[in-house]
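Some notes on the structure that comes next.
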Amino acid sequence: MEDYSTILVETHQRVGLIRLNRPEALNALNATILKELNTALQSFDGDEGIGAMVITGDERAFAAGADIKEMADSSAVEMLQRDNISAFDRIMEITKPIIAAVSGWCLGGGNELAMSCDMIIASESAKFGQPEINLGVIPGAGGTQRLTRAVGKAVAMEMVLNNRTLPAREALEHGLVNRVVPVETYLEEALKLAREIADRAPLAVRFGKAAVNRAFESALRDGLAEERSAFYFLFSSQDQKEGMQAFVEKRKPTWQGK
Ligand code: DAK
């Protein structure tokens, strides 16, 4: 396994767990942590023993945004050349489901990272925001786009233009997170959900993730076309035969990923 300096990596049965680990900076996302996060995600994505991943921080912060100290004196050209945004783009290429387990601050680039995941489990102490306006900028890694699709225009405008922060319960009401659970159990809940998904039919999970994400990115007609071809394709898999046969025979299916 790689030697990382800003993340901790573990496996829990078929789940890969990545902990952001810069507690002294509330897990602010600098170039190193983004690079290491991507390396770990890609490594889990290529590992047949892994079926889903969880990204978490610690109780105080998932991540308080991009590292302001690293970018404060940067010119536009230096920002472009550092190209941290491609790290966010690469997360979109991960084929297995990723769950964000969020507690405490989830701000700016941290919220953009959580929204790049497929699901978010929030602790009761989680706080979501896009405070870039306080720094004289706007979100740069999907915070105006994914956020608006998730919570709608009205709430997104307040968050982006006036630093409105959503406590966990409000984030749930507005559809930003899947569920809110006690601080003591948020990571275990995320791992449990990931384990359940990791034990499901791998090809169907992969195509299901891609098709739901396509709904975010495309016109309805294109998304429906992609969904339909993936649906037909799955009828060429052994898992579909096994899954339906098992239903008919009233037994638990055994998945092959083939
Ligand atoms: N960056 C660097 N250090 C940070 C940080 C951050 N985002 N957030 C916190 N820290 C550091 C603090 O400086 C402090 O360090 P020391 O002073 O002890 O050395 C330590 O973490 C603890 O923070 P506080 O002492 O401030 O803790 P409090 O509990 O008092 O306050 C807070 C918590 C979360 C309210 C506060 O720390 C805060 O307001 N943090 C900044 C939040 C923020 O503005 N986040 C948005 C950052 S901008 C890009 C795409 C996207 C982005 C950038 C580029 N590309 C296209 C290339 C994203 C931009 C952003 O996310």
(request) State whether region 8-63 is rounded, prolate or oblate according to the following rule on the C-alpha gyration tensor (a ≥ b ≥ c being the square roots of its eigenvalues): a/c under 1.5 gives rounded; otherwise a/b larger than b/c gives prolate, and the remaining case gives oblate. (result) oblate
(request) For region 47-204, state what percent of all Cα-Cα pairs lands in each successive 5 Å bin, counting from 0 Å until the bin that includes the largest distance. (result) 2, 9, 18, 21, 19, 15, 9, 4, 2, 0
(message) How charged is the neighbourhood of Ala64? Take every other residue with its Cβ under 15 Å from the Cβ of Ala64, and add Lys/Arg as +1 and Asp/Glu as -1.
(response) -3
(message) Limiting things to C-alpha atoms, what are the Rg and the maximum Cα-Cα separation (Dmax) for region 129-258, in angstroms?
(response) 19.5, 62
(request) Let me see the pair-distance distribution of region 152-221: every alpha carbon pair, 5 Å bin width, integer percents in order. (result) 3, 13, 13, 17, 18, 18, 12, 4, 1
(request) Any chance you could check the Cα centroid distance between region 116-189 and region 206-226 for me, in angstrom? (result) 23
(message) Need one number: convex hull volume per residue for region 132-190, Cα atoms only, in Å³.
(response) 99
(request) For Glu112, Glu48, Glu24, Glu227, write out the residues from largest to smallest accessible area, computed with a 1.4 angstrom probe and no ligands counted. (result) Glu48, Glu24, Glu227, Glu112
(request) Sum up the charges of everything whose Cβ sits under 11 Å from the Cβ of Ala156, counting Lys and Arg as +1 and Asp and Glu as -1, but leave Ala156 out. (result) +3
(message) For a quick check: with amide H placed at 1.01 Å from N, whose amide H comes under 5 Å from Ala100's, ignoring anything fewer than 5 positions away on the same chain?
(response) Ile55, Asp118, Met119, Ile120, Ile121
(message) Give me the percent of accessible area attributable to carbon and sulfur for the chain, probe 1.4 angstrom.
(response) 54
(request) Skip the ligands, DNA and RNA, and give the accessible area per residue of the chain with a 1.4 Å probe, whole Å². (result) 53
(message) As a test of reading the structure, rank Arg251, Arg60, Arg146 by solvent-accessible area (1.4 Å probe, protein chains only), most first.
(response) Arg60, Arg251, Arg146
(message) Placing +1 on the Cβ of each Lys and Arg and -1 on the Cβ of each Asp and Glu in region 1-152, which of Ile33, Val77, Ala64 has its Cα farthest towards the positive end of the resulting dipole?
(response) Ala64
(message) Taking the alpha-carbon distance from Lys209 and a cut-off under 22 Å, which lysines remain once sequence neighbours fewer than 8 residues away in the same chain are dropped?
(response) Lys96, Lys192, Lys241, Lys258
(request) In debye, nearest 20, what is the charge dipole magnitude of the chain about its Cα centre with +1 on Lys and Arg Cβ and -1 on Asp and Glu Cβ, if you could check? (result) 900
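The values are calculated or read from the model by the stated rules, or taken from the named source; none is laboratory data. Values in this document were obtained by computation on a predicted structure and should not be read as measured data. Please note: Cβ atoms are built from the backbone with ideal geometry, for glycine as well, and neighbour counts cover all protein chains shown. Note: areas computed on protein heavy atoms with side chains; ligands, DNA, RNA excluded. Shrake-Rupley method; radii C 1.70, N 1.55, O 1.52, S 1.80 Å.
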